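Only one structure is covered here, and it is reproduced in the block below.
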Amino acid sequence: MMGYTKRIDFLKGVINAMKLSNPVERVVAAQLLSKNSASINNSASTNITTQIHQKTVAKYNQELRAELFHSNKDANKDGVRQRLLNSNIQDEDLDAILKYNRNIQEKIAENMLSMTGTMKEHALAANAIIKKDIGKLEMSDKLTDVNAIKLKKESLKLEEHTKSKWRCWVWIMIAFVLVVFFNMVLFMKMARKKF
């Protein structure tokens, strides 16, 4: 998939280079495409992309030469003037290339600044969330400590209640008293009926 997307990006770059009106910009765009086409790994696609790249570069170079020579033919035939025109055109071409490169570098710098700004915002947001989570964890840790202490106290009380044997004897005595009481009541009723 990555190779496919790289090839599509390469073809989009070729189409965008074709849309440019200035031949100098086309040549620069074609040179920038060479860096992108070198990163494609598949050998079959590499051959095709290199062929496309070479043909487009050759075409744009020919157009650039034709435009330069065409402007030279329209100029005066004097050799000195042609050299001056050539040097002026080359200076203008170099200025255009330098201006284009500066614009690209400025765009890259702006993109990097915006990316670092968003990364900083994400880092600050993550930091705040992590601090909140740490605070909640510390509170829950304290609550568990308090609950553990309370549980120990209650378990000690329960052990005291279970260890005391006299409570069992108290219940046995209460049961014995109740049995004796009910027997006395029954005996009194029975004795009254006989007399």
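The values are calculated or read from the model by the stated rules, or taken from the named source; none is laboratory data. For clarity, every value in this text was computed on a predicted model and none was experimentally measured. Glycine gets a Cβ as well: all are built from the backbone with ideal geometry, and neighbour counts include every protein chain shown.
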Inset, instruction - Return yes or no: is A125 modelled with pLDDT of 80 or more, in a helix (DSSP H, G or I) and within 30 Å of R7 (Cβ to Cβ)? - result: no
Legend entry - Tally, over the range 158-168, of residues that are surrounded by 10 or more Cβ atoms within 10 Å (Cβ to Cβ) and either within 34 Å of the chain's Cα centre (by Cα) or assigned to a helix (DSSP H, G or I) (or both): 3
Inset, instruction - Search the range 10-22 for residues that are within 22 Å of E92 (Cβ to Cβ) and pair each with any residue that is of a type in the set (S, T, Y) when their beta-carbon atoms are under 8 Å apart and the residues are at least 6 apart or on different chains. - result: A17/T56; A17/Y60
